[in-house]
Every structure is written in structure tokens, then in C-alpha cells.
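Taking it in order: structure first as C-alpha cells, then the write-up.
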Amino acid sequence: MKITIFGTGYVGLVTGTCLADVGHDVMCMDVDADKIARLEAGEIPIYEPGLEEMVKANVAEGRLRFTTDPAAAVDFGVLQFIAVGTPPDEDGSADLQYVLAVAETIGRHMTEEKVVVDKSTVPVGTADRVKAAVAGALAERGAAIDFEVCSNPEFLKEGAAIEDFTHGARIIVGTESERVKTLMRECYAPYIRLHDKLMFMDVRAAELTKYAANAMLATKISFMNEIANLAERLGADVEQVRRGIGSDPRIGYQFIYPGCGYGGSCFPKDVQALARTAGEVDYEAELLGAVEAVNRRQKQTLFAKLSRAFDGDLAGRTIALWGLAFKPNTDDMRDAPSRTLMEALWAAGARVQAYDPEAMDECRRLYGEREDLALVEDRVQAVEGADALVICTEWKAFRSVDFAWLKSRLTLPVVVDGRNLFEPETARAAGLLYYAVGRGDSL
Ligand code: UGA
């Protein structure tokens, strides 16, 4: 099947590459010529395990190609996936300018019937706007060609995107058209061999499903962070509580890990956008507002704990950071708790010595050269000469540490663990002033 993907960002590139990998003929289009040139040379602009090899293999096999030519892109696929960004506007709503620009491009260049597939995360009702944009561009040319628009939200996690695409829990398609159903079934047929996880529904239900799923997961995390904060004050261990409640299948073990708050490009943006959508239909989504507020506060707890450990005076201190990415297996630092912490530390006059297995370049890009930031080679160098250590990301390589060695490196020796990687008793027995999240410590 011939498929066009607009947008070679995270979602577009993973979708295009995975679809090529199961035998479809895929063309990925982007307006960024530099990005396309790099992709053609086999250079992947993002870090995602397994993706680079998969891109190269499919380019070599001739099933995956890249272009900056909109006419060629529109001409190519019977399915036209829109997978461009929807960054938050100033007021938190999703900015649809890129999505609508692609819709216009399709309308301007199409010469035969097409199916437009909304893959980008877009507010409920966007399919109608996409339809209007394609129709408008067609009308401008005086052309009358049939087309349809369906919604096909993505559920990829960064760091596990290929696995999620290949073995996801469900494939959601919002459409009422039998023709679209047939084409989308053909597109996803290679993934539904074990059991039929293709779910057809109304367009608006599909659009809302995406936001509801992310908002539910974000709610679980904020709920657990709230319980952790309570546990801290009540002298209870939230890790025991987590196991206690997770064992109830109605609650489940997933996404109830307390920590230093959720980050990334999805949860913060989607929770806000859904609350904003609610406002537009005169409904105050109180729970969503609280989920967001709890998370904002949680991201400040790392600094608050450090500040208390240093009696409110961090000026001139050197703080080691392990982990900059918003979660392991990605170089993404969007809305990462590490950023809230670093910015607060700098404002307080402290220096940061940081290490992350993948996000160093991204950190350099975001903050540039500055006197109060040293990006070092490994986790050992990060603690060299530091007063305290903060763990912001639960990379596998951070999970085992010689506490006696750590104590000998840190001057204070304070460890603030934003991811609950260690047993507090063991760390404290080694002489560390160890503070985790909701584990009976009152700091
Ligand atoms: C999320 C969803 O999990 C995907 O299903 C969805 O497709 C994607 O957003 C999207 O909308 O594109 P992602 O943002 O890549 O995926 O990352 P997650 O693994 O969900 O983690 C999000 C944040 O929650 C991270 O900062 C993580 O540290 C935090 N988290 C996660 C917790 O604090 N506790 C948990 O128990 C789980």
C-alpha cells in the first residue's frame, strides 16, 4: 500500500518507518530540507532505540523515502497521514497551524481521491477543520475531487515507540466511512494477526480517546505523588502503599510510581489542552486542573528538599545531577523535572554538574555555555567535588551505586532521589543523608 506521512518528527518518523518495515511503500515529507537531507543520509534527528537501524534498512530496501516536494508527497499515497506538531499556544490550547497547513497542501495538490488521516494529537472537532481546509484549497483551484478525513491517534511512548507501534494495546480509527475502514484495515493488517485490536469509532470519540488516555495516566501519577507527599508527612512508606494498592487489579501496578513529576511532550501539554477544550464548551474540568497543579508542585520538590537540607542557602554550592531527560531511553528534555530544578538552583546561586547518558547535547542546545553548568562525561565526574547529588531520571545505569564511595565524594553528603531508586535504610546506613519521595522522611 502506498502511504504518505507529513512530518518527520517523532510520531511521523516512527509511524512511517514501522509501516515501511511491514512492507508498505512509504514517503515521508517535511518542509525542513536540512532534516530531510540528514534522514536521506541515514542520520536520525531523535534518539529512539532501534529506529536508526530500521530507517536505514527500509531506505536500503527502497520502501522508505523522504522528500520536501509537497506535490510528490500528495501524489504518492492513497493514505495521507498528518503527523506534524501541535505545540501549545500561550493559553495551553493546541496550535493547529501546522496541521491545517498540511491539509491545505493536500487540497492544493491532489489529483485523485485521498484519505486524510489525522495522526497528530488534535482537539476534538479538528477533523472537521481539516476537512474544511482541504475543501477550501480544492475550491480555490476549482477542483472537485472526493476525499475523506479520519482520526487515528497515536499511543507511542518515547523510548519504546517501535514496540508500542508494533504491539500496542489498540489501534483507534475514527470514521464512519466503509471505504476508509477497508483502507485502514489494509494499512494495519500486519499488526492485527494475533487478535483484532483495530477499533472503529466516531471521529470525535477517537479524538477524545487520545486525550482521555493521557489524562488518565497523568491523573494516576499526580494521585500517587499526592499520596507520596502525604506519606512523607505521616511517616509512612509510599513504596509499600504502592505495592498494596497496585495488587488490586482495578488499580493495577502501572503508572503509579511516585517521583519528581511527569514531563515530556505529551502529558503536560495534553492535560492542559483538554482542560482548555473543556473551557471552550463551558465546562470547568476541575480534576484536570488539579492534576496539572499537583504536577507543577511536584517538580519543585527536588529543589525544596535540597534547600531544606542546606538551610535555605544554596549559594556557591555545587549540586550533581544524574539524569536530565524527562524519562530514561530518550534525549527529550521537554518539561523535564531536571529543568525546573536547574533553573531554581541557578536562581539560588548554585552550580550544577550534570550527566545524562543521552540528553547532553539537548541540554547544551537548551542552555548553551554557562558558568554555573558543567556537563560532564559520566556519573562519577558529576559527583566529583559536589556537595549533594540529585537523581532526576531513573536510567538503568544509575540503579546500582556504591554508597560508601558516594559518601566519600559528596561534601555534605546529601542525596535527593527523585525516582525512589534505593532503599532508604541501606543508603542511610552507609552514612548518606538520603531523601526519597514519600518514603517516611520528613524533609
Ligand atoms: C505518553 C503515553 O504514555 C503514551 O501512551 C502516549 O502515546 C504519549 O504520551 C503521547 O501522547 O505521545 P511519553 O510521554 O513518551 O508517553 O512517556 P511516559 O512513559 O508515559 O512517561 C511520562 C512521564 O510520566 C515521565 O516523566 C515519567 O517519568 C512519568 N511517570 C510515568 C511517573 O512519574 N510515574 C509513573 O508511574 C509513570
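The values are calculated or read from the model by the stated rules, or taken from the named source; none is laboratory data. This one's a predicted model, so the numbers in the text were calculated from it and none came from an experiment. Positions of Cβ are backbone-derived with ideal geometry, glycine not excepted, and every protein chain shown enters the neighbour counts.
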Which one of the conditions (1) in contact (Cβ under 8 Å) with a residue 12 or more places away in the chain; (2) assigned by TED's automatic domain parsing to the domain that holds Gly23; (3) surrounded by fewer than 21 Cβ atoms within 10 Å (Cβ to Cβ); (4) within 22 Å of the chain's Cα centre (by Cα) does Thr219 fail to meet, given that it meets all the rest? (2)
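If I filter the range 332-341 for residues that are among the acidic types (Asp, Glu) and away from the ligand (no atom under 14 Å from the Cβ), do I get at least one hit? First the steps, then the outcome.
Our first condition is that a residue be among the acidic types (Asp, Glu); within the range 332-341, this holds for 332, 335.
When the remaining residues are screened for being away from the ligand (no atom under 14 Å from the Cβ), the result is none.
Within the range 332-341 (the criterion being among the acidic types (Asp, Glu) and away from the ligand (no atom under 14 Å from the Cβ)), the answer is no, since none of the residues qualifies.
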If Cys260 meets every condition in (1) over 30 Å from Gly174 (Cβ atoms); (2) assigned to a helix (DSSP H, G or I); (3) of a type in the set (A, V, I, L, M, F, W, C) apart from one, which number is that one? (2)
Go through the range 244-272 and count every residue that is free of Cβ contacts under 8 Å to residues at least 40 places away in the same chain and within 13 Å of the ligand (Cβ to nearest atom). 8
Taking the range 237-277, which residues are within 23 Å of Asn420 (Cβ to Cβ) and small (Gly, Ala, Ser)? Gly244, Gly246, Ser247, Gly252, Gly259, Gly261, Gly263, Gly264
Selection status of Leu274, surrounded by fewer than 17 Cβ atoms within 10 Å (Cβ to Cβ) and assigned to a helix (DSSP H, G or I): no
Residue check, Ala205 among the aliphatic types (A, V, I, L, M), buried (at least 17 other Cβ atoms within 10 Å of the Cβ) and more than 7 Å from the ligand (Cβ to nearest atom): no
Can you confirm whether Lys210 is within 22 Å of Gln80 (Cβ to Cβ), surrounded by 14 or more Cβ atoms within 10 Å (Cβ to Cβ) and more than 16 Å from the ligand (Cβ to nearest atom)? no
Hey, any hits in the range 252-265 for a residue that's crowded, with 23+ Cβ neighbours inside 10 Å, outside the structural domain of Asn329 (by TED's automatic domain parsing) and more than 21 Å from Ser338 (Cβ to Cβ)? no
